[in-house]
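Quick notes on the structure that follows.
The values are calculated or read from the model by the stated rules, or taken from the named source; none is laboratory data. As the structure is a prediction and not an experimental result, all values here were calculated from the model. FYI the Cβ positions are ideal-geometry reconstructions off the backbone, even for glycines, and counts take in every protein chain you see. Note: accessible area is taken over every heavy atom of the protein model, side chains too, but ligands, DNA and RNA are not part of it. Shrake-Rupley method; radii C 1.70, N 1.55, O 1.52, S 1.80 Å.
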Amino acid sequence: MTIIRKSLLQFIFSGTTMKRWNDKLRPVELLEVDKQAHKMMAAWMLFMLNARGLDPVARRELGDAVVEGGLYDYFYRLVITDIKPPIFYKIKENPEHYRQLTAWVLDQLEPLLLPVGREFWDRFRARLSQPPGAAGLAGRILDAAHLYASSWEFNLIKDLGPWDDEKAGIEQSFTDGLRRFEDLAGVSELMAGPQSVLGRFAHLCGQLRFQTRWSQTPRIPETSVLGHLFIVAAYAWFLSLAVGACPARRQNNFFAGLFHDLPEVLTRDIISPVKKSVRTIGDLIRQYEDSELERRVYGPLEAGGFADLSARLGYFLGRETGSEFQAVVVRAGAVRAVGWEELQGPGNRDDQDPKDGELLKVCDSLAAFVEAYSALRNGISSDQLQQAVWRLRQHYQTYALGDELHVGALLADFD
């Protein structure tokens, strides 16, 4: 049985306060949760490209390994916090030192993750107990995505502080590291940056780190749209486990959560009260988002030989139904909107490629609630934050996702 607790939601959120490159001069704060989001977006691209030709079962197994491997890496990083990468790599080179560090990490994480379920905890422990480099194709995809996302960040700061004699070696390590993965489909395109279609799309995704959520409301910590996407995706994975989602559905929910606000790189973060103030305003915004997605995302990907990525993004973003929060299945080759009960029943099958809507909306709201709640707990009091917490508590007070997850009870754990 999967139990979702307040402590898990807050732990996932804690990457919003973990700073990266904090020994370097940098133009903006670079946060762990933002980097993890960008990494998993790149990992999705590499997963899609390297899963071409795999049978459905092998493809689902690879997808599970990529998603859970990414979560495992994130949790590990949150515990060891600010160990400088060269030091951590030295530890990994010594099997006994790495084993001791990992044993300590597992001790710290067991109270947080064991309630998710014995199966998840056993998979987590088995993955972390493997020697470095033993995670197969999924591990190589994640390692390549990690290097890409870290090098993208580094490019933001490498021209600052010319006195820093470490930077030349850091840049070369990223180049050399990515070259080890050039046999993976998509890595060369990512390395080419804006000169390739895939590189341009990955750059577009990375720009979401510059967009601050709740931009008119002071908060500690501040969160970006990019970081918010990773938090929603992680929540979606664990809530999917809680409601018994089939493998295809939980993967779709993770990646749909990871990309659900992608249009905001084209429109910025337009708050819900503005969208809902006048019905035609919301419709106009949606039309603009759709047209810009066609022009800057779907069209270029299709023209560049990545039609499968374009189609999948469209599925996640509700291209056929008009909403990313509409539950869907695929039957007889057609996308069909369904309700919760059908999704939990006959639609909860891998061969129907199900994707949640209601559950994703809950995860989006949970992330917003934790953002506002954390700011209030950190001493930032404002009418907007207090109203957001009150409104979300009221809305979800009696709300449940079937018999498996009572959202109101989960929010009641936040004092």
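Annotation: LYS90 fulfils all but one of (1) closer than 24 Å to LEU241 by Cα; (2) surrounded by 12 or more Cβ atoms within 10 Å (Cβ to Cβ); (3) of a type in the set (Lys, Arg); (4) free of Cβ contacts under 8 Å to residues at least 24 places away in the same chain; the unmet one is (1). Selection of region 67-85 for residues being surrounded by 12 or more Cβ atoms within 10 Å (Cβ to Cβ) and either touching a Gly at 6+ places or on another chain (Cβ under 9 Å) or among the basic types (Lys, Arg) (or both) yields GLY69, TYR74, ARG77, LEU78.
When ASN378 is tested against the conditions (1) farther than 20 Å from GLY357 by Cα; (2) in contact (Cβ under 8 Å) with a residue 12 or more places away in the chain; (3) out of contact with any Pro (no Cβ under 9 Å at 6 or more places or on another chain), the lone failure is (3). Taken together, the residues in region 102-135 that are assigned to a loop (DSSP other than H, G, I, E, B), free of Cβ contacts under 8 Å to residues at least 24 places away in the same chain and more than 14 Å from TYR76 (Cβ to Cβ) amount to 2. For GLU324, the criteria (1) acidic (Asp, Glu); (2) surrounded by fewer than 19 Cβ atoms within 10 Å (Cβ to Cβ); (3) modelled with pLDDT under 95; (4) touching a helix residue (DSSP H, G or I) at 6+ places or on another chain (Cβ under 9 Å) hold in every case but one, which is (2).
Screening region 282-350 for helices (runs of 4 or more DSSP H) wholly inside it with 2 or more residues that are more than 26 Å from ALA185 (Cβ to Cβ) returns the ranges 340-344. Are any residues in region 200-213 part of a helix (DSSP H, G or I) and within 21 Å of VAL33 (Cα to Cα), and if so, which ones? Correct list: PHE201, ALA202, HIS203, LEU204, CYS205, GLY206, GLN207, LEU208, ARG209, PHE210.
Checking each residue in region 63-87 for being farther than 14 Å from GLN36 by Cβ, in contact (Cβ under 8 Å) with a residue 40 or more places away in the chain and of a type in the set (A, V, I, L, M, F, W, C) picks out only ALA65. Only residues that are under 16 Å from LYS6 (Cα atoms) and either over 24 Å from the mean Cα position of the chain (by Cα) or surrounded by fewer than 15 Cβ atoms within 10 Å (Cβ to Cβ) (or both) were counted in region 401-415, giving 5.
Just to be sure before I move on: is PRO131 surrounded by fewer than 14 Cβ atoms within 10 Å (Cβ to Cβ) and in contact with a Pro (Cβ under 9 Å, 6 or more places away or on another chain) in the structure I sent? Yes, satisfied. The C-beta contact set for region 324-338 (first residue more than 20 Å from PHE259 (Cα to Cα), second residue open to solvent by less than 50 Å² (accessible area, probe 1.4 Å) and of a type in the set (Gly, Ala, Ser), distance under 7 angstrom, 6+ apart or interchain) comprises VAL338/ALA327; VAL338/GLY347. Checked against (1) at pLDDT 95 or above; (2) open to solvent by 30 Å² or more (accessible area, probe 1.4 Å), MET48 passes all but condition (2). Among the candidates TYR89, TYR74, TYR148, the residue that is part of a helix (DSSP H, G or I) and either at pLDDT below 95 or farther than 30 Å from ASP353 by Cα (or both) is uniquely TYR89.
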